[in-house]
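The values are calculated or read from the model by the stated rules, or taken from the named source; none is laboratory data. Just so you know, these numbers come straight off a predicted model, no measurement behind them. Cβ atoms come from the backbone with ideal geometry, glycine included; neighbour counts cover every protein chain shown.
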Number of protein chains: 2
Amino acid sequence: MAAGKPKMLSKRQRELIAKALSDPRRVEILKQIGSGNCVACGDIRARQDVSAATLSHHMKELEMAGLIEIAREGKYANLTLRRDVLRAYLDHLAAI
Amino acid sequence: MAAGKPKMLSKRQRELIAKALSDPRRVEILKQIGSGNCVACGDIRARQDVSAATLSHHMKELEMAGLIEIAREGKYANLTLRRDVLRAYLDHLAAI
DNA sequence: TCATCAATTCGACAGTTATCGAAGTATCAA
DNA sequence: TTGATACTTCGATAACTGTCGAATTGATGA
């Protein structure tokens, strides 16, 4: 089964990920993205009571951390969870 | 081995853990505690360039999150990593 | 008792961040 | 072209947080 190549994260990226995961709302967003295959920002707004501006801000944080990928298509932004990155982060912490 | 009983964390505790892990210095401290069996605050200060006040603050954060246990003995504080709690947190995130 | 040492608490400050409304930028449809 | 939709950027604000020095508490030893 597809263990895939073990991904290496820089110290810097691990810090960004930890920071990204420290906000409950972002974790919720991440779960929502992970539950579907590909989600648009609008779908998320429909479930999270948050302004478009705030949501956009969170998306940027998640993207900078490398936890999601944002594929802009026309006026939509399709979001996908980078499971390999999340996995690498968890693996690192598990080694403590 | 000893997978032990799977530990259940409340949403609240998961948030505290995520917050605790979001500061790089706290992660370092956690690693240091995890590397030995039982460490005193002084040992940590010896390696982390930080004031006693700041260190004490971080310890409280880690303890509140449930990530460490602080056993006070005389004038020393002996710290142990709660691996079961960390594991439970990681397991939860892995389920995303 | 007195001095010392380990750790905590307090008060303050600087830097960060989650949040919003408003304005801006594309995109698409009529 | 006009209007609507989807998201982003900007500016501001309130709340939070990491940090320290100083004062405090509690234990130990001379």
From the set of residues in region A:33-46 that are touching a residue at least 12 places away in the same chain (Cβ under 8 Å), part of a helix (DSSP H, G or I) and within 14 Å of DNA strand C (Cβ to nearest atom), which is farthest from A:Lys75 (Cα to Cα)? A:Ile44
From the option list B:Arg12, B:Arg87, single residue qualifying as modelled with pLDDT of 95 or more, in contact with a helix residue (DSSP H, G or I) (Cβ under 8 Å, 6 or more places away or on another chain) and within 14 Å of another protein chain (Cβ to nearest Cβ) is B:Arg87
What residue, of B:Ser35, B:Ser51, is within 12 Å of DNA strand D (Cβ to nearest atom) and polar (S, T, N, Q)? B:Ser51
Being assigned to a helix (DSSP H, G or I) and surrounded by 12 or more Cβ atoms within 10 Å (Cβ to Cβ) narrows B:Leu9, B:Leu62, B:Leu79 down to just B:Leu62
Can you pull out the residues in region B:1-32 that are in contact with a His (Cβ under 8 Å, 6 or more places away or on another chain) and away from DNA strand D (no atom under 14 Å from the Cβ)? B:Leu9, B:Arg14
Matching residues in region B:12-51 - criterion: being among the polar types (S, T, N, Q), out of contact with any strand residue (DSSP E or B) (no Cβ under 9 Å at 6 or more places or on another chain) and surrounded by 13 or more Cβ atoms within 10 Å (Cβ to Cβ): B:Gln13, B:Ser22, B:Gln48
